[in-house]
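Below is one structure, written out as structure tokens, with a few remarks after it.
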Amino acid sequence: MKPSKFKAFWDFLSLSGGETIGKIAGFVAFAYLARVLEPSAYGSVEFAVSLLVFFSLIVDFGYGPIGARDISQHPERTQNYAAVIPTARIILALFSLLMMCSLVLFINQEKQTQQLVWIFSLALLAAPFNQRWLLQGMDKMQLVSLGQVIRMSVFAVGVMVLIHSTDDLLKIGFIEIGASILMAVYFLTVQHKLGVKIHLSKDFQSIFTLSKQALSIGLSQIVWAFNQYLPTILVASMAGTVQVAWFGAAHRIVMSAVSFSLIYHFNLFPMLAKRLKTSHQDYLALVKPSFTITSWAGIGAALAVTLFAEPISTFIYGDKFTATALPVSILIWVLPVTLLSGHARWTLIASHHQRYALYAQLAGTITILTVSMLLINDYGATGASIAMLACAVTVWVVQYYFVTKLIGSMPFIGSILKPSLMALSCI
């Protein structure tokens with residue numbers, strides 16, 4: 001067994017390695033789709049995927065962080081939570097499926113796009129059995145990422161075998177359903193192997209109690225998802241599916257990079273919670289070096305993508321997608337902002353101040369709505385990219401304010417001056 005002080009590092013390598021494989025499979029799938037579909041049809045796929053991701057986060061509803069936190073501190077609750085959380089999520093999945101199918105009727109889209117969204121919505125029924133949180137709480141990080149690898153690999157293979165032209169558009173939805181089911185089967189199999197019973201709960205009082213605890217995180221997560229995917233919906237309704245193709249392609253590149261921020265903080269969260277229970281100095285001893293590492297890594301990565309945005313876009317999606325370069329070069333700066341602001345977000349959650357993370361997301365919603373309405377009509381995908389970056393900065397500033405007010409000091413602007421100046425000198 002590896003020494004405990006290195007465990008977090010090895011867990012992160014395991015998570016990021018699995019995520020990298022999954023992202024490569026996803027890029028292969030969507031790069032292939034960009035080449036065989038017309039831009040408007042590719043925009044329809046990005047639109048459907050965005051809605052699916054948004055409503056999947058509603059199904060999650062913040063139960064994951066609460067469940068992982070509680071069973072890591074109280075292992076005796078594992079069996080109960082393993083039944084209560086999927087049950088609660090099934091209820092939300094049925095509600096989300098209905099909402100996703102209804103929403104597309106109110107957005108001016110072609111019939112085939114509506115049908116694609118309806119097929120994609122059925123994948124929500126597999127979402128309640130994504131047991132990442134259970135493995136996180138049981139400190140089985142090395143098993144988490146394989147679920148995403150399975151899902152994206154199956155999706156990529158299915159797309160390349162079955163999709164050959166725009167005429168095959170609706171088949172993509174069925175491939176997504178199959179991939180989501182196989183991922184759910186993986187998590188349930190691992191759960192069984194770990195000795196955690198697979199069952200649902202009839203204890204609606206426990207479901208209600210847990211939902212109350214998860215409410216602030218759940219709403220924060222929903223608002224976060226709203227902030228991430230609202231621009232896609234607005235571009236679809238205000239600028240058309242071709243602009244959705246440019247923005248969706250850029251958004252896919254950036255969100256793939258941002259997912260590593262989520263993995264990083266997903267892995268850091270248990271240590272963060274423990275340090276906060278001991279002393280603020282122990283907390284700072286963890287956060288300060290983490291902030292330094294993520295600032296250099298995030299800003300360096302964003303700079304590289306900005307400088308090579310056009311060749312990156314055309315390499316991934318083909319020559320038809322040169323218009324994606326400008327949105328990519330703007331949107332990529334969401335990566336370092338998210339990496340850095342994640343310290344504040346997870347600090348609020350770990351210290352049971354999760355409602356303030358929600359307030360920060362709501363401030364971001366106001367920002368993204370305002371900027372989107374001002375820019376998307378005239379600037380399409382570029383305007384949406386600016387709106388998302390403005391939202392990310394707003395959320396970071398507000399979260400930082402609440403952490404310093406409620407908990408204590410933490411790194412901020414001073415810690416990013418050197419990498420920021422380096423980036424400015426290169427642009």
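The values are calculated or read from the model by the stated rules, or taken from the named source; none is laboratory data. All values derive from a computational prediction rather than experimental measurement. Counting neighbours? That spans all protein chains shown, and the Cβs are built from the backbone with ideal geometry, glycine included. Remember, those area values only see protein heavy atoms, side chains included, never the ligands or the DNA or RNA. Shrake-Rupley method; radii C 1.70, N 1.55, O 1.52, S 1.80 Å.
The trypsin sites (Lys or Arg not before Pro) found in the stretch 125-221 that occupy coil by DSSP, while having at most 11 further C-beta atoms within 10 Å, are 197, 202.
Return the carbon/sulfur percentage of the accessible area of the chain, one whole number, probe 1.4 Å, all protein chains in place.
Values: 12030 of 17760 Å².
Whole-percent figure for carbon plus sulfur exposure: 68.
Listed peptides 328-337, 311-320 appear in the order 328-337, 311-320 once ranked by packing, highest mean of other Cβ atoms within 10 Å at the front.
Relative to the compact-globule scaling 2.2 N^0.38 Å, provide the ratio for the alpha-carbon radius of gyration of the chain.
On the way: Rg = 20.8 Å, N = 427, 2.2 N^0.38 = 22.0 Å.
After normalising by residue count via 2.2 N^0.38 Å, the value is 0.94.
Expressed as a whole percent, the proportion of Cα-Cα pairs in the stretch 276-427 lying more than 22 Å apart is 48%. What does the charge add up to near residue 177, with Lys and Arg as +1, Asp and Glu as -1, over the other residues with Cβ less than 14 Å from its Cβ? Summing Lys and Arg as +1 and Asp and Glu as -1 gives +1. Normalised per residue, the accessible area of the stretch 147-239 is 46 Å², obtained with a 1.4 Å probe and no contribution from ligands, DNA or RNA. Net charge of the neighbourhood of residue 113, taken over other residues with C-beta under 14 Å away and scored Lys/Arg +1, Asp/Glu -1, is -2.
Note on surface exposure: 192, 353, 265 rank 192, 353, 265 by accessible area, highest first, 1.4 Å probe.
Calculated from DSSP H runs of 4 or more alone, at -39500 (n - 2.57) each and per residue, what is the 222 nm mean residue ellipticity of the chain, nearest 500?
Numbers: 16 runs with 347 residues, N = 427.
For the chain, the value works out to -28500 deg cm²/dmol.
Comparing 266, 308, 120 in a Gaussian network model of the chain (Cα springs below 10 Å), the most mobile by mean-square fluctuation is 308.
When a/c is below 1.5 the answer is rounded, else prolate if a/b is larger than b/c, else oblate, so apply that to the stretch 105-209 with a ≥ b ≥ c taken from the square roots of the Cα gyration tensor eigenvalues. It comes out oblate by the Cα gyration axes.
Under 10 Å from the Cβ of residue 49, count the other residues' Cβ atoms, weight Lys and Arg +1, Asp and Glu -1, and hand me the total.
Details: positive: 252; negative: 46, 176.
Within the 10 Å Cβ shell, the charges total -1.
Measuring only protein heavy atoms, the 1.4 Å probe finds residue 296 accessible over about 120 Å².
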